[in-house]
Amino acid sequence: MELRRVGIIGLGAMGRPMAEHVAKAGHSLSLHDIAPGRAEEAAEATGGRAANGPAGVAAASDVVITMLPTGADVVRAALDEGGIADGFAEDGILVDMSSSEPSGTVALAAALRERGIGMIDAPVSGGRKGAVEGTLTVMAGGDEALVERCRPVLETMGKRVVRTGPVGSGHALKALNNTISAAGFLIAAEAFLVGKRFGLEPETMAGVVNASTGMNHSTRNKLARFVFSRGFDSGFSLDLMVKDLDIALDLARDTGTAVPFAALSRQIWAQAQQNLEPGRDHTEIVRWLERLARAELR
Ligand code: NAD
């Protein structure tokens with residue numbers, strides 16, 4: 001049976017533009033966000049409907065997407081009184097597209113299964129740009145049949161939808177991706193600050209590195225767009241980055257894997273978080289590094 005009626009809970013930097021793509025594909029939308037007025041604004045823009053809380057969203061939906069800050073937020077939205085589980089008719093499906101903790105996801109999926117509700121995890125990569133353009137990479141964990149049922153909805157938001165394995169595996173891979181991405185950003189910023197103090201220009205360094213073996217996603221995209229421009233507006237917060245690194249370190253601990261470099265990287269990101277005001281964009285870690293280096297990447 002086709003999943004026509006889609007609910008979305010969490011209409012922030014990612015959920016809001018994702019809702020546009022789901023609506024454009026012809027799905028009916030029920031929306032909820034805890035921030036006053038946000039669901040109403042999104043409903044107006046997409047032709048959807050603002051629902052009365054998570055249960056209200058589920059009651060009007062075949063599938064509910066959560067795009068919330070943390071896995072704990074998703075568990076509360078799903079299982080608290082007036083939550084998604086209370087609202088769903090039989091055969092409802094929860095698709096958690098947030099970057100949540102894999103162990104919490106496995107437990108939540110089991111609790112929902114007992115109530116006749118299916119669940120997959122489908123976190124994304126590609127940032128706000130990918131969400132706006134509908135070109136996200138989607139890492140879908142869950143029973144194959146369930147993932148395939150959700151695929152048409154996921155494909156409205158992503159250009160690459162990959163089944164990663166059982167439920168929780170998407171969330172595991174997402175945290176590992178961000179571990180690589182965070183370290184790549186950090187080492188590029190540090191190296192460029194050394195170069196700046198030596199007298200090299202950021203654009204010269206980026207041009208050469210991007211044609212050399214040091215090239216990564218940050219040297220190719222993020223530094224120029226968000227740091228050299230001084231915009232620091234990637235749309236992905238420092239708090240959420242540290243959350244993802246914590247998830248990856250938990251995963252390392254749970255699997256008994258030694259990760260000295262990831263642990264050091266997490267420590268540096270957390271230190272920046274403590275030294276910058278709350279709510280900062282993750283690219284603003286460079287402002288803190290610049291203070292330490294007494295140089296700026298302009
Ligand atoms: P955000 O903070 O911009 O948006 C979260 C939204 O959820 C806000 O509108 C907030 O009001 C709402 N919210 C919070 N708690 C709620 C609750 N209990 N009930 C209803 N609404 C609630 O966050 P975001 O950047 O959109 O990220 C969402 C998730 O996607 C996170 O897990 C993040 O790690 C992940 N992610 C973000 C990006 C990015 O570039 N921003 C990229 C990939 C993945």
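The residue of segment 218-231 that is nearest to Asn178 (Cα to Cα), among those that are in contact (Cβ under 8 Å) with a residue 24 or more places away in the chain and surrounded by 14 or more Cβ atoms within 10 Å (Cβ to Cβ), is Ser218. The set of residues from segment 268-292 being open to solvent by 10 Å² or more (accessible area, probe 1.4 Å) and within 14 Å of Ile187 (Cβ to Cβ) comprises Ile268, Leu289.
Could you pull out the residue among Leu240, Leu193 that is open to solvent by less than 70 Å² (accessible area, probe 1.4 Å) and within 22 Å of Gly127 (Cβ to Cβ)?
Leu240
Looking for something free of Cβ contacts under 8 Å to residues at least 12 places away in the same chain and within 16 Å of the ligand (Cβ to nearest atom) - is there at least one such residue anywhere in segment 195-217? No.
Answer yes if at least one residue in segment 8-21 is more than 12 Å from the ligand (Cβ to nearest atom) and more than 29 Å from His282 (Cβ to Cβ), and no otherwise. Taking every residue of segment 8-21 in turn, none turns out to be more than 12 Å from the ligand (Cβ to nearest atom) and more than 29 Å from His282 (Cβ to Cβ).
For segment 22-37, give me each residue that is over 19 Å from the mean Cα position of the chain (by Cα) and either within 23 Å of Lys159 (Cα to Cα) or within 7 Å of the ligand (Cβ to nearest atom) (or both).
Ala23, Lys24, Ala25, Gly26, His27, Ser28, Leu29
When residues in segment 131-149 are screened for being surrounded by 19 or more Cβ atoms within 10 Å (Cβ to Cβ), in a helix (DSSP H, G or I) and under 15 Å from the mean Cα position of the chain (by Cα), 1 of them pass. For first residues located in segment 28-50 and of a type in the set (A, V, I, L, M), partners that are open to solvent by 90 Å² or more (accessible area, probe 1.4 Å) and lie 6+ apart or on another chain with Cβ distances below 8 Å form the pairs Leu29/Arg49; Leu31/Arg49; Ala43/Arg49; Ala50/Glu40. All conditions in (1) over 28 Å from Met241 (Cα atoms); (2) open to solvent by 30 Å² or more (accessible area, probe 1.4 Å) hold for Ala60, with the sole exception of (2). If you take the residues of segment 86-107 that are open to solvent by 10 Å² or more (accessible area, probe 1.4 Å) and of a type in the set (A, V, I, L, M), which of them is farthest from the chain's Cα centre (by Cα)? Applying the filter and picking the extreme gives Ala89. For beta carbons closer than 9 Å, sequence separation of 6+ or different chains, a first residue in segment 80-94 that is within 13 Å of Gly7 (Cβ to Cβ) and a second that is among the aromatic types (Phe, Trp, Tyr), the qualifying pairs are Leu94/Phe88.
Taking the numbered list (1) surrounded by fewer than 21 Cβ atoms within 10 Å (Cβ to Cβ); (2) in contact with a strand residue (DSSP E or B) (Cβ under 7 Å, 6 or more places away or on another chain) in turn, Ala42 passes all entries but (1).
Looking across Glu81, Glu41, Glu90, one residue alone is at pLDDT 95 or above and part of a loop (DSSP other than H, G, I, E, B). It is Glu81. Considering Arg115, Arg128, the condition of being assigned to a loop (DSSP other than H, G, I, E, B), more than 19 Å from Ser30 (Cβ to Cβ) and open to solvent by 50 Å² or more (accessible area, probe 1.4 Å) is satisfied by Arg115 alone. Contact map, segment 155-179: first residue open to solvent by 50 Å² or more (accessible area, probe 1.4 Å), second residue in a helix (DSSP H, G or I) and within 15 Å of the ligand (Cβ to nearest atom), Cβ cut-off under 7 Å, separation 6 or more or different chains; pairs are Leu176/Ala248. Here Ala60 clears all of (1) away from the ligand (no atom under 15 Å from the Cβ); (2) under 20 Å from Val167 (Cα atoms) except the condition numbered (2).
The values are calculated or read from the model by the stated rules, or taken from the named source; none is laboratory data. Quantities reported herein were computed from a predicted structural model and do not represent experimental measurements. With ideal geometry, Cβ positions are generated from the backbone for all residues, glycine too; neighbour counts draw on all protein chains shown. Side chains included, ligands, DNA and RNA excluded: accessible areas come from the protein's heavy atoms. Shrake-Rupley method; radii C 1.70, N 1.55, O 1.52, S 1.80 Å.
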